[in-house]
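Student: Structure incoming, see below.
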């Protein structure tokens, strides 16, 4: 079932098209990564999905409800953190959650608040004022308020900003667990590593347009590939297949899976022994490389950083 | 049901914000200031004995006279003597009046009756009908009102409050007539200046708007809470002023009658061609005891402050920074006050369309405003003006908030 659907969504601010013609679908139980550099239009897209901004054109549906025509019906199924989860610092964690629960139409507010506080590991300090919370605790409270209404769609904007490595791991595990319970999760990020570890599918946005969309599993499968340029690709392929390699034809190059140096050496030896000339052997370079190949920015080299800011941590 | 939840939320936030504490502290400071002023006034009234003061003045004048009389005679000396004699006569007159007043305290009924006789005599000398000049008509109406008021005293057994005693009710009424145009609106601005802008500034608006609740419901709830809180705070403040006054001055004067609903007609009188003469009309006016006036006054203040809260609320939805929205609303109150005071004193009629003119609705009612403005204003038209301001700005707030893209909160 499609939980979130974007059709031809564009947003113009002043003269600038911030986001253009987005088409995306997020299914039940799926963690969908929305990857792009800062300023590419991620936050604008997220704000349109949760009804903070009106799209200039296009349709956004959540569980079948048009966010513009029926915001109440659509937002009933959404939990979200938009950028930093700012809370009322003069209220306690519990009061904040009660505040949001009242608006979210939660039935048994007290029990639900206690349950989400427990789930994000904040039960101990839920009655302290938020101004005494650390950044990590505020993030947890942010997640707690997003989960209050037991949403079908969780929309998170750069959720791991400011988390320490342990907090990030914990957060990833929580997201995976929620997805396995059937929740659809839409996560924006500028960190490839984060998307790789959390998401099932990923869309890459640049300058307001989605330039590619792919399954993370496919990208990962592409990692560990070796590309070989030889004098006679057809013969070379037959030779490798005979030797037990799974070689694929890739134009003037052969692609094959070779996890380590030993395997590469064996493949090259097999080709040389068959009397073929080997001109070039290159590693595809892991997920990041296959990703850059996919986005078509690998050739330009310097632009790679602009497309995907490397995992800095 | 959703609205009820929004109201509960907004109330919870309002009472826990620091702004409410600030308003409470400022309000109590004001009450303290008022109480101190009342205490001073009471001490002054007690220390001042009009009979002794006039007697001292008389003795001083007589000493001067004898000093001048001993100088060699000249024209200048005679002139000085003449002016001193005139001063002595006037002080003697005042002394006489002070003694009469002291006498009136013993038997106020007799003195009221004497006064009524004097008024009747004066009335008999003023021509009636179309022959009367406008100034004479005005004088006639005033005298008749005075007569009615005196009769009311006798009928309802209401003794006037004599110095050194002061009436806390009167003091509160006159203090409120200034405070409700200045201090109290500023407190309201502080209280609700960040209702929406504050959430924009802190970023909490995001997590508020993404709930399955219509924006107009959120805004309506916020507005209701702002208006209710402002009305309650200002009403309570009015009664705190009164309580402070009562604690210091005592309870006398509660039944003192006041005219409400006086209207005026402005005409040019041949004997005063430069100014307009105000002819009061008491046809639809009525006498109301002071305690009831304070109650009406505080209810009207609460109403006017609800309007100020709405105007501030509008600023709060237009400006994203709570500091800017508070500053603009404060500017509107302060500048509005100054402008309307100046324009009112000059009798410029257009100020009756501005909201600051009507913040003291009680003056719309008792006729003070009309008299100063020289243009027709009634309690009804004053309230209507305020409500139109509130309704228009509230509508603009809804349009603004309903359509707004929340980009960088």
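Student: Count, please, the residues in segment A:246-273 that happen to be surrounded by 14 or more Cβ atoms within 10 Å (Cβ to Cβ), in contact (Cβ under 8 Å) with a residue 24 or more places away in the chain and not in a helix (DSSP H, G or I).
Tutor: 6
Student: If you don't mind, there's one more thing I want to ask. Out of B:137, B:125, report the one residue that is surrounded by fewer than 18 Cβ atoms within 10 Å (Cβ to Cβ) and either away from chain A (no Cβ under 14 Å) or in contact (Cβ under 8 Å) with a residue 12 or more places away in the chain (or both).
Tutor: B:125
Student: It is to be established whether one or more residues within segment A:147-157 are in contact with a helix residue (DSSP H, G or I) (Cβ under 8 Å, 6 or more places away or on another chain), within 9 Å of chain B (Cβ to nearest Cβ), surrounded by fewer than 18 Cβ atoms within 10 Å (Cβ to Cβ) and outside any strand (DSSP E or B).
Tutor: No, segment A:147-157 contains no residue that is in contact with a helix residue (DSSP H, G or I) (Cβ under 8 Å, 6 or more places away or on another chain), within 9 Å of chain B (Cβ to nearest Cβ), surrounded by fewer than 18 Cβ atoms within 10 Å (Cβ to Cβ) and outside any strand (DSSP E or B).
Student: Return only the number of the condition from (1) crowded, with 22+ Cβ neighbours inside 10 Å; (2) over 26 Å from residue B:298 (Cβ atoms) that residue B:402 does not satisfy.
Tutor: (1)
Student: So, one more: Of all residues in segment A:175-207 being modelled with pLDDT under 90 and in a loop (DSSP other than H, G, I, E, B), which is farthest from residue A:20 (Cα to Cα)?
Tutor: My answer is A:190.
Student: Within segment B:304-321, can you find the residues that are in a helix (DSSP H, G or I) and surrounded by fewer than 21 Cβ atoms within 10 Å (Cβ to Cβ)?
Tutor: B:318
So that you can scan it fast, the table gives a plain yes or no per residue for (1) free of Cβ contacts under 8 Å to residues at least 40 places away in the same chain; (2) more than 8 Å from chain B (Cβ to nearest Cβ); (3) crowded, with 20+ Cβ neighbours inside 10 Å:
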site	(1), (2), (3)
A:105	no, no, no
A:110	yes, yes, no
A:115	yes, yes, no
A:122	yes, yes, yes
A:129	no, yes, no
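Student: Follow-up question, since we're still on this one. Sort through A:52, A:75 and tell me the only one that's surrounded by 24 or more Cβ atoms within 10 Å (Cβ to Cβ), under 21 Å from residue A:152 (Cα atoms) and assigned by TED's automatic domain parsing to the domain that holds residue A:16.
Tutor: Being surrounded by 24 or more Cβ atoms within 10 Å (Cβ to Cβ), under 21 Å from residue A:152 (Cα atoms) and assigned by TED's automatic domain parsing to the domain that holds residue A:16 holds for just one of A:52, A:75, which is A:75.
Student: Which residue pairs have Cβ atoms closer than 7 Å, lie 6 or more positions apart in sequence or on different chains, and pair a first residue in segment B:201-212 that is more than 7 Å from chain A (Cβ to nearest Cβ) with a second residue that is outside any helix (DSSP H, G or I)?
Tutor: B:201/B:320; B:201/B:321; B:205/B:406; B:205/B:409
Student: Filter segment A:14-52 down to the residues that are without any contact (Cβ under 8 Å) to a residue 40 or more places away in the chain and away from chain B (no Cβ under 14 Å), then identify the one that is nearest to residue A:211 (Cα to Cα).
Tutor: Only one residue fits best here, namely A:25.
Student: Something else about it: Could you say whether any residue in segment B:132-140 is within 14 Å of residue B:257 (Cα to Cα) and out of contact with any helix residue (DSSP H, G or I) (no Cβ under 8 Å at 6 or more places or on another chain)?
Tutor: No, segment B:132-140 contains no residue that is within 14 Å of residue B:257 (Cα to Cα) and out of contact with any helix residue (DSSP H, G or I) (no Cβ under 8 Å at 6 or more places or on another chain).
Student: Taking segment A:86-103, which residues are assigned to a loop (DSSP other than H, G, I, E, B) and at the interface with another protein chain (Cβ under 7 Å from one of its Cβ atoms)?
Tutor: A:86, A:87, A:88, A:90, A:91
Student: Can you find, within segment B:219-255, the residue that is farthest from the other protein chains (Cβ to nearest Cβ) among those that are under 23 Å from residue A:146 (Cα atoms) and surrounded by fewer than 24 Cβ atoms within 10 Å (Cβ to Cβ)?
Tutor: B:219
Student: Anything in segment A:53-80 that is facing chain B (nearest Cβ under 8 Å) and closer than 27 Å to residue A:129 by Cα? List them, or say none.
Tutor: A:78, A:80
Student: A further question follows. Assess whether residue B:347 counts as being within 20 Å of the chain's Cα centre (by Cα) and assigned to a loop (DSSP other than H, G, I, E, B).
Tutor: yes
Student: State all residues of segment B:21-48 that are more than 25 Å from the chain's Cα centre (by Cα) and either within 14 Å of chain A (Cβ to nearest Cβ) or surrounded by 15 or more Cβ atoms within 10 Å (Cβ to Cβ) (or both); if no residue qualifies, say none.
Tutor: Correct list: B:21 only.
Student: Okay, moving on. Quick check on segment B:183-199. Is at least one of its residues crowded, with 24+ Cβ neighbours inside 10 Å, at the interface with another protein chain (Cβ under 10 Å from one of its Cβ atoms) and either under 30 Å from residue B:255 (Cβ atoms) or at pLDDT below 95 (or both)?
Tutor: The answer is yes, given that some residue of segment B:183-199 is crowded, with 24+ Cβ neighbours inside 10 Å, at the interface with another protein chain (Cβ under 10 Å from one of its Cβ atoms) and either under 30 Å from residue B:255 (Cβ atoms) or at pLDDT below 95 (or both).
Student: Can I ask one more? Kindly evaluate residue B:145 against the criterion of being within 24 Å of the chain's Cα centre (by Cα), outside any loop (DSSP other than H, G, I, E, B) and modelled with pLDDT under 95.
Tutor: In short, yes.
Student: Can you tell me which residues in segment B:112-129 are within 14 Å of residue B:147 (Cα to Cα) and over 30 Å from the mean Cα position of the chain (by Cα)?
Tutor: Within segment B:112-129, B:113, B:114, B:117, B:118, B:120, B:121, B:122, B:123, B:124 qualify.
Student: Can you tell me which residue among B:105, B:96 is surrounded by fewer than 12 Cβ atoms within 10 Å (Cβ to Cβ) and assigned to a helix (DSSP H, G or I)?
Tutor: So the residue among B:105, B:96 that is surrounded by fewer than 12 Cβ atoms within 10 Å (Cβ to Cβ) and assigned to a helix (DSSP H, G or I) is B:96.
Student: Within segment B:385-403, can you find the residues that are within 12 Å of another protein chain (Cβ to nearest Cβ) and touching a helix residue (DSSP H, G or I) at 6+ places or on another chain (Cβ under 8 Å)?
Tutor: B:402
Student: Just for segment B:1-20: of the residues that are surrounded by fewer than 12 Cβ atoms within 10 Å (Cβ to Cβ) and part of a helix (DSSP H, G or I), which one is nearest to the other protein chains (Cβ to nearest Cβ)?
Tutor: Among those residues, the one meeting the criterion is B:18.
The values are calculated or read from the model by the stated rules, or taken from the named source; none is laboratory data. This one's a predicted model, so the numbers in the text were calculated from it and none came from an experiment. Quick reminder, even Gly has a Cβ in these numbers, built from the backbone with ideal geometry, and neighbours come from all protein chains shown.
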